[in-house]
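Shown below is the structure under consideration.
The values are calculated or read from the model by the stated rules, or taken from the named source; none is laboratory data. A quick note: this is a predicted structure, and the numbers were derived from the prediction, not measured. All Cβ positions, even for glycine, are placed from backbone atoms using ideal geometry, and neighbour counts span all protein chains on display. Heads up: the accessible areas ignore ligands, DNA and RNA and are worked out on the full protein's heavy atoms, side chains in. Shrake-Rupley method; radii C 1.70, N 1.55, O 1.52, S 1.80 Å.
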Amino acid sequence: MFTKKNTTSLIKATVVVAVVSALTACGIAAPKTEIAYAEAMLQSARNIGANEFSGVELERAKNKLQRAKEEMKDGNNEKALRLANESTADSSLAQAKTEAGKASAAEKYANVEITA
């Protein structure tokens, strides 16, 4: 169950990623900051328990982050930036789905307690 707040946050993050990608597509430097941010977002998703509620998105974020690091090492900075931004978006989605899953579980628990 997605809330308006989660959906709005996800949309904002996606727009920011798209704008940053568009503005930096020409002759970009190594995307160290974007990779660091993607790592932080991935860790944040893990910390809130995304493994339980959105394992697919979490794994996708992890794989894209690893590929971004490899591309940056090989000097493919544009591709590394794109992958880092995609990893960030996947981590954001994992966080949103996790929060929604936790809210749904809490609602079910509350309903059971009320009917018991």
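Can we say LEU65 is in a helix (DSSP H, G or I), at pLDDT 95 or above and among the aliphatic types (A, V, I, L, M)?
Yes, satisfied.
Here's a check for you: in the range 77-100, which residue that is of a type outside the set (Gly, Ala, Ser) and under 14 Å from SER54 (Cα atoms) is least open to solvent (accessible area, probe 1.4 Å)?
Per the stated criteria, the residue is THR98.
This table checks each residue for (1) touching a Gly at 6+ places or on another chain (Cβ under 7 Å); (2) touching a residue at least 60 places away in the same chain (Cβ under 8 Å); (3) in a loop (DSSP other than H, G, I, E, B).
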{"residue": "LYS69", "(1), (2), (3)": "no, no, no"}
{"residue": "MET72", "(1), (2), (3)": "no, no, no"}
{"residue": "GLY75", "(1), (2), (3)": "no, no, yes"}
{"residue": "ALA89", "(1), (2), (3)": "no, yes, no"}
{"residue": "SER92", "(1), (2), (3)": "no, yes, no"}
{"residue": "THR98", "(1), (2), (3)": "yes, no, no"}
{"residue": "LYS102", "(1), (2), (3)": "no, no, no"}
{"residue": "ALA105", "(1), (2), (3)": "no, no, no"}
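Right, something else. Of the numbered conditions (1) modelled with pLDDT under 95; (2) of a type outside the set (Lys, Arg); (3) open to solvent by 40 Å² or more (accessible area, probe 1.4 Å), ASP74 fails exactly one; give the number of that condition.
Among (1) modelled with pLDDT under 95; (2) of a type outside the set (Lys, Arg); (3) open to solvent by 40 Å² or more (accessible area, probe 1.4 Å), the lone unmet condition for ASP74 is (1).
Still on this model: Give me the pairs, please: first residue somewhere in the range 44-56 and open to solvent by 100 Å² or more (accessible area, probe 1.4 Å), second residue anywhere and in a loop (DSSP other than H, G, I, E, B), beta-carbon distance under 7 Å, and either six or more positions apart or on two chains.
Nothing qualifies.
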